[in-house]
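S.K.: My questions will all concern the structure given below.
Here, each number is a calculation from the coordinates, and none is a lab measurement. The structure presented is a predicted model; accordingly, all values stated were derived computationally and were not measured. So basically every Cβ, Gly included, is an ideal-geometry build from the backbone, and we count neighbours across all protein chains shown.
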Amino acid sequence: MTGAMWVLLVPIIVWAGVFTYILMLERKLAAIEVGIGEDEE
Amino acid sequence: MRLLRWTHRATTGILLALATWGAMVYVRPAEGFLYPDGARIIILHVPCAWIACLAYLVAAWYAVRILRSVGRGSRQQWRRADDGCNAAMELGLVFSALTTITGSIFSRLQWGAFWSWDPRQTSILVIMLLFAAYLVLRSALTEPQTRARLSSAYALVAVVPGLFLIWVLPRIVNTLHGGANQAVIGGGLDPQYRLVLYAFALPGFLGLFAWLMQLRMRIAALEDRTINQR
């Protein structure tokens, strides 16, 4: 791999990591909210 | 409240987009680097490391609040602080992992190997393990009050070697990061890099940290509510 490709890989890794974490949290939040909604019904 | 939340998210997104654009397009290749374009990595790598340090301090602050209120204050008070401590440690793990990965790419371009056991590299690895150990300890305890007390005591104790590894060790031993420390902290940074790092990247990452903390703590609060209902 060339140096330029390694440099380009850095923002991809950082944002992929952050987005994956956010997605994980959002899914967890949605699952809990659905659970609460069902309990209230 | 909803408007404020979306304004915060939009501002953070814009700042982070500007930081990425700045790092990849705006700044010029830096002189004095083995691979001058590799210096662009600093703009995303350094804020990740700073946020990991901030996570440590936030976790320690919540840990003090837990130890002061658990068994004395209201249940709500220490549960909220416990959620905050857990959220900060989890975010610390995420950002220290990103620091390690981006740092090893920089290391490959600048020093010729992904890993050189440089004191700074070793210290971020140890810090990442300290964050991970907290989460392992928490998952091993089930009773909420004991879990809050023991894990917050650990978070408070772990902050001492953590801060030593971050601020003291790399300054008392020879490290490959010597020049970088001088450039970033000592004011030797190129004005273009300074602008992108301090005007876009740092505020953007701070906004991201606040957003993720808020999201993580909201999940924990809802989990507590579900448990209490059952």
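S.K.: So in the range B:203-230, with the set limited to residues that are more than 8 Å from chain A (Cβ to nearest Cβ) and polar (S, T, N, Q), which one is surrounded by the fewest Cβ atoms within 10 Å (Cβ to Cβ)?
M.R.: Across the range B:203-230, the extreme among qualifying residues is B:Asn228.
S.K.: Out of B:Ala81, B:Ala97, B:Ala55, B:Ala63, report the one residue that is surrounded by 21 or more Cβ atoms within 10 Å (Cβ to Cβ), small (Gly, Ala, Ser) and closer than 21 Å to B:Ile124 by Cα.
M.R.: B:Ala55
S.K.: Going residue by residue through the range A:1-20, is there one that turns out to be polar (S, T, N, Q), outside any helix (DSSP H, G or I), more than 7 Å from chain B (Cβ to nearest Cβ) and out of contact with any helix residue (DSSP H, G or I) (no Cβ under 6 Å at 6 or more places or on another chain)?
M.R.: Yes, the range A:1-20 contains at least one residue that is polar (S, T, N, Q), outside any helix (DSSP H, G or I), more than 7 Å from chain B (Cβ to nearest Cβ) and out of contact with any helix residue (DSSP H, G or I) (no Cβ under 6 Å at 6 or more places or on another chain).
S.K.: When you scan the range B:15-36, how many residues do you find that are without any contact (Cβ under 8 Å) to a residue 24 or more places away in the chain and assigned to a helix (DSSP H, G or I)?
M.R.: 5
S.K.: Going by the structure shown, is B:Leu91 touching a residue at least 24 places away in the same chain (Cβ under 8 Å) and either buried (at least 22 other Cβ atoms within 10 Å of the Cβ) or not aromatic (Phe, Trp, Tyr) (or both)?
M.R.: It is true that B:Leu91 is touching a residue at least 24 places away in the same chain (Cβ under 8 Å) and either buried (at least 22 other Cβ atoms within 10 Å of the Cβ) or not aromatic (Phe, Trp, Tyr) (or both).
S.K.: Filter the range B:119-157 for residues that are surrounded by 22 or more Cβ atoms within 10 Å (Cβ to Cβ) and within 17 Å of B:Leu67 (Cα to Cα) and give the result.
M.R.: B:Tyr134, B:Ala148, B:Ser151, B:Ser152, B:Ala155
S.K.: Here's something else I'd like to know. Pick from the range B:22-43 the residues that are more than 10 Å from every other protein chain (Cβ to nearest Cβ) and aromatic (Phe, Trp, Tyr): which of them is farthest from A:Ile22 (Cα to Cα)?
M.R.: The selected residue is B:Phe33.
S.K.: Just to check your reading of the model, which residue among B:Gly22, B:Gly32 is small (Gly, Ala, Ser) and either on the phi < 0 side of the Ramachandran plot or surrounded by 18 or more Cβ atoms within 10 Å (Cβ to Cβ) (or both)?
M.R.: After applying the criteria, what remains is B:Gly22.
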